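Structure first, then comments.
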Amino acid sequence: MSASDFRVTLLGTGTPIPSAERFGPCTLVEAGAQKFLVDAGRGATIRLAQLKISIGAIDVQFLTHYHSDHTSGVPDVWLTGWLTGHFGRRTGPYRVIGPTGAKRLMENLERAYADDIKIRHADEKFPLAAIATDVREFDRDGVVHDKDGVKVIAFEVDHGDVIKPCYGYRFEYGGRAAVLSSDTRYNENVIRYGKGADLLVHEVASARPALMGEAPVRRIIGHHTTPREAGRVFAQTQPKLAAYTHLVLFGSEHVAPPTIDEIVAETRETYRGPLVVGEDLMAFEIAEAVTVRRWQAPSLPGKVEAA
Ligand SMILES: [Zn+2]
Ligand SMILES: [Zn+2]
């Protein structure tokens with residue numbers, strides 16, 4: 001398999017629940033020479049470092065919505081990408097594209113970190129031009145980025161009546177397409193913009209029936225897509241590969257969360273096509289076919305073999 005120059009890597013497949021295995025929601029899209037992040041949840045910079053990708057090398061930070069699990073890594077990407085060293089210091093402004101609210105978020109982060117910026121500028125002489133932000137907001141479906149053959153289209157999704165705005169993204173490059181659902185309930189717009197996608201990355205949420213009697217669980221599940229519903233989305237869009245991310249799997253002290261096998265089995269009730277359950281650092285090479293690469297941790301230097 002030759003590596004494609006169109007690649008999607010799941011940096012964080014988790015939720016607000018702190019987890020060492022599934023970091024906060026964040027997806028890296030590489031197309032040609034450009035690198036994009038979609039959201040930046042907890043630990044995004046750690047995942048970039050694992051891939052040996054400079055934090056300062058991100059061309060555009062896209063945002064889907066303003067739940068903190070999707071944005072808590074934004075100040076880390078923005079501020080750490082300004083530093084020297086193997087972070088690969090950013091030379092221009094931190095570019096952000098998101099639905100209405102992106103400007104407020106970044107303006108408030110600039111206020112929150114004003115002292116750090118002042119100190120590092122005075123002490124380490126880091127240029128202010130590279131900690132500046134360049135934020136573009138949108139409020140409807142349409143093309144939000146079009147450069148060097150890469151087109152990014154934002155489309156509104158339905159994450160609940162109050163959780164607005166919330167948008168998914170379709171990345172088009174070299175005649176191929178990767179579509180990210182963002183957080184959403186079953187939504188016709190995902191099907192519309194997901195049509196003809198090589199890769200469709202979709203969120204999923206599930207709880208056992210025993211927990212569905214609890215109002216908070218019901219409410220949260222109601223903001224997301226069940227495996228059966230996601231299967232219906234996949235069946236109607238027919239991607240070359242469907243992948244799950246943002247796995248909301250409810251458990252309690254007495255009720256175990258649904259397993260990955262159960263999520264797949266429920267999806268299979270409505271969809272028979274290619275499906276993979278995402279893991280952190282899982283990569284998808286988008287070429288003639290979509291190839292999945294699981295992360296293999298590099299072996300530790302100096303590791304001693306057992307006698
Ligand atoms: Zn979320
Ligand atoms: Zn959300």
Exercise. Show the residues, 5+ positions off or on another chain, whose built amide H is closer than 5 Å to the amide H of ALA177.
Key: ASP198, LEU199
Quiz item: Relative contact order of the range 107-204: what whole-number percent is it, with Cα pairs under 8 angstrom and at least 6 residues apart?
Solution: 17 percent
Exercise. First select every other residue whose beta carbon is under 15 angstrom from the beta carbon of LEU48; then total the charges, Lys and Arg +1, Asp and Glu -1.
Key: +2
Exercise. Post the alpha-carbon centroid distance, the range 1-56 to the range 66-96, in whole angstrom.
Key: 13 Å
Self-check item: the range 111-232 - Debye-derived log10 I(q)/I(0), Cα point model, q = 0.23 Å⁻¹
Solution: -1.22
Quiz item: When ligands, DNA and RNA are left out and all protein chains stay put, how many square angstrom of accessible area per residue does the range 10-115 have with a 1.4 Å probe?
Solution: 38 Å²
Quiz item: So what J values fall out for the range 136-149 if you push phi through Karplus, 6.51 cos²θ - 1.76 cosθ + 1.60 with θ = phi - 60°, rounded to Hz, Gly and Pro as x?
Solution: 10, 9, 9, 9, 7, 4, x, 6, 10, 7, 8, 8, 6, x
Exercise. Give the relative contact order (percent, whole number) for the chain; include only Cα pairs under 8 Å separated by 6+ residues.
Key: 16 percent
Exercise. Based on alpha-carbon positions alone, could you give the equivalent ellipsoid semi-axes of the chain from the gyration tensor, as √(5λ), descending, whole Å?
Key: 31, 22, 21
Quiz item: Separation between the GLN236 and ARG192 pseudo-spin-labels, each 7 Å from Cα along Cα→Cβ, expressed in nm?
Solution: 1.1 nm
Quiz item: With each label point set 7 Å from Cα along the Cα-Cβ vector, what nm distance links VAL143 and ALA287?
Solution: 2.8 nm
Quiz item: Hey, what number do you get for the chain at 222 nm if only DSSP H runs of n ≥ 4 count, each worth -39500 (n - 2.57), divided across all residues, to the nearest 500?
Solution: -6500 deg cm²/dmol
Exercise. Report the FRET efficiency, 1/(1 + (r/R0)^6), for ASN108 and ALA297, where r is their Cβ-Cβ distance and R0 is 25 Å, rounded to 0.05.
Key: 0.10
Quiz prompt | Length released on extending from ARG219 to ARG272, taking residue separation times 0.36 nm less the Cα-Cα span | solution = 16.2 nm
Quiz prompt | Square roots of five times the Cα gyration tensor eigenvalues for the range 189-264, Å | solution = 26, 12, 8
Quiz item: Amide H to amide H under 5 Å from HIS145: which residues, 5+ apart in sequence or cross-chain, H placed 1.01 Å off N in plane?
Solution: VAL152
Practice problem: Starting at the first residue of the range 130-135, write each ³J(HN,Hα) from the Karplus equation 6.51 cos²θ - 1.76 cosθ + 1.60 with θ = phi - 60°, in whole Hz, x for Gly and Pro. | Solution: 9, 10, 5, 10, 10, 10
Quiz item: What percent do you get for the relative contact order of the range 176-307 when only Cα pairs under 8 Å and 6+ apart count?
Solution: 26 percent
Exercise. Return the distance in nm (one decimal) between the two label points of a simple spin-label model at SER19 and ALA122, each offset 7 Å from Cα along Cα→Cβ.
Key: 4.4 nm
Quiz item: In whole Å, what is the distance between the alpha-carbon centres of the range 232-307 and the range 170-209?
Solution: 15 Å
Quiz item: Between Rg and the Kirkwood Rh of the range 61-124, both from Cα atoms, what is the Rg to Rh ratio?
Solution: 0.97
Quiz item: Mind listing the phi-derived Karplus ³J(HN,Hα) values for the range 156-167, rounded to whole Hz, using 6.51, -1.76 and 1.60 with θ = phi - 60°, and x for any glycine or proline?
Solution: 6, 10, 10, 9, x, 5, 9, 7, 10, x, 8, 10
Quiz prompt | Compactness relative to 2.2 N^0.38 Å, alpha carbon Rg of the range 11-148 | solution = 1.01
Quiz prompt | Amide H partners (placed H, <5 Å) of ASP158, local residues excluded | solution = ARG185
Exercise. May I ask you to derive the FRET efficiency for THR91 and ALA210 from their Cβ-Cβ distance with R0 = 45 Å, giving the value to the nearest 0.05?
Key: 0.25
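The values are calculated or read from the model by the stated rules, or taken from the named source; none is laboratory data. None of the values given here were measured: they were computed from a predicted structure. Note that we place each Cβ from the backbone using ideal geometry, even for glycine, and neighbour counts take in every protein chain shown. Areas reflect the complete protein model, heavy atoms only, side chains present, ligands, DNA and RNA absent. Shrake-Rupley method; radii C 1.70, N 1.55, O 1.52, S 1.80 Å.
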